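Below is one structure; the comments refer to it alone.
The values are calculated or read from the model by the stated rules, or taken from the named source; none is laboratory data. Source: prediction; values computed, not measured. Glycine also receives a Cβ, built like all others from the backbone with ideal geometry; neighbour counts cover every protein chain displayed.
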Amino acid sequence: MHKGFLKTAAIIGALCVALGAFAAHTLKESISAHALEIFETAVRYQFYHVFALLAVGIVYKKFPGKMLFWSGRLFIAGMILFSGSLYVLTAIKAAGTQGYNWVGAITPLGGLCFILGWIFLFLGCKKNN
């Protein structure tokens, strides 16, 4: 087991629940439907990848190696880049600030990290490395 990934997943999972509750009870009253949709997408993908990180932490016991280690790191990076950029974009839209939509260009980099994380998870389970 990779205890660091399991601990990180637990903390980020708790954060996801808090952010989801914040969106449902506070944000929906104060931002546009479009901005709320962006925020909810960030929470949803972050939560999906909490479970992926948990899987990596558990599977690591059977298949320890670089591929699974990088899979976990890529899932964490993806959460920061993908969800983080969407949280920032939501804040920009909520504030009505113009000219910062370029922040959304960071989101695909997080998506790429997610994709690579899943590929590395597959490769890490395929063989011992």
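Between VAL50, VAL17, VAL56, the distinction of being part of a helix (DSSP H, G or I) and touching a residue at least 60 places away in the same chain (Cβ under 8 Å) belongs to VAL56 only.
PHE39: out of contact with any His (no Cβ under 7 Å at 6 or more places or on another chain), crowded, with 21+ Cβ neighbours inside 10 Å, farther than 19 Å from LYS7 by Cα and modelled with pLDDT under 95, yes or no? So PHE39 passes the test. Taking the criterion of being at pLDDT 95 or above and either in contact with a Cys (Cβ under 7 Å, 6 or more places away or on another chain) or polar (S, T, N, Q) (or both), the only residue of region 100-129 that qualifies is THR107. Within region 59-79, the residues that satisfy the criterion of being touching a helix residue (DSSP H, G or I) at 6+ places or on another chain (Cβ under 7 Å) and either closer than 20 Å to TRP102 by Cβ or outside any helix (DSSP H, G or I) (or both) are TYR60, PHE63, GLY65, ALA77, GLY78. If you check GLY72, GLY57 for being within 19 Å of LYS3 (Cα to Cα) and crowded, with 22+ Cβ neighbours inside 10 Å, only one passes: GLY72.
Every test in (1) closer than 19 Å to ALA9 by Cβ; (2) surrounded by fewer than 17 Cβ atoms within 10 Å (Cβ to Cβ); (3) not charged (D, E, K, R) is passed by LEU109 save one, and that test is (1).
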